[in-house]
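These notes are about the structure you will find just below.
All of the numbers you see were taken from the coordinates with simple rules; none came from a lab. None of the values given here were measured: they were computed from a predicted structure. Using ideal geometry, Cβ is built from the backbone for each residue, glycine included, and neighbour counts are taken over all protein chains shown.
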Amino acid sequence: MKKTLSILAAAFAFVAASFAQTPAQTEGLVWTKKSHDFGTVKMGPKAEVTFEFTNKTNGPIVITAAQPSCSCTVGDYTKTPIMPGQNGKVTASYGTDGRPGFFQKSVHVTFDNGSSTDLIISGTVSAEVSPTGGSTLK
């Protein structure tokens with residue numbers, strides 16, 4: 001009985017491990033990165049980064065939304081279908097004007113195949129104002 005249970009447990013573990021994949025592999029999308037730390041940036045201009053991915057599925061995929069976690073973060077994305085083997089992108093920007101201190105925000109990206117992923121941006125806005133503009137602390 002113990003031997004049978006051990007064999008069944010081993011078989012179950014093997015089957016479960018063979019189906020386990022990372023979300024990016026399951027979705028058929030390979031991201032170059034899913035998070036970005038800006039480090040310390042001066043107050044004023046937007047902190048912006050572009051996240052890129054490759055469509056490794058067998059058909060075209062469409063980004064249906066790129067929803068930022070707050071109004072201080074803006075998400076833009078490839079609006080046309082991304083064919084197999086082609087690249088798509090999502091751009092996230094954070095408005096640093098008048099917002100000194102640490103920030104961590106996300107952009108929730110959804111696709112027409114029902115999959116989704118969260119992209120994370122973070123950094124620290126210094127109280128020093130960039131020479132290209134920005135407000136001063138009062």
**Study point:** Inter-centroid distance (Cα atoms) of the range 30-48 relative to the range 49-102, Å
**Key:** 13
Revision key, fill the gap. Fewest-first ordering of THR91, THR124 by Cβ atoms within 10 Å yields THR124, THR91
**Study point:** Chain lengthening between LYS34 and THR64 when straightened (0.36 nm per residue, less Cα-Cα)
**Key:** 9.0 nm
**Study point:** Projected label distance in nm at ILE120 and THR50, using a 7 Å step from Cα toward the beta-carbon
**Key:** 2.4
Exercise for review: Could you list the trypsin sites (Lys or Arg not before Pro) in the range 59-127 that lie in coil according to DSSP, counting only those with at most 10 other Cβ atoms within 10 Å of their Cβ?
Suggested key: LYS79
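Net charge around GLN67, counting only other residues with Cβ within less than 13 Å of its Cβ (Lys, Arg = +1; Asp, Glu = -1)? Intermediate values should be presented prior to the final figure.
Working: positive: LYS105; negative: ASP76, ASP118.
For residues surrounding GLN67, the net value is -1.
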Check your understanding: Which value results when the Cα radius of gyration for the range 25-136 is divided by 2.2 N^0.38 Å?
Key -> 1.18
Revision key, fill the gap. Quick note on MET83, MET43, ordering by fewest other C-beta atoms within 10 Å, gives MET83, MET43
Point to revise | Residues whose placed amide H lies under 5 Å from that of TYR77, excluding near-sequence neighbours | key: THR91
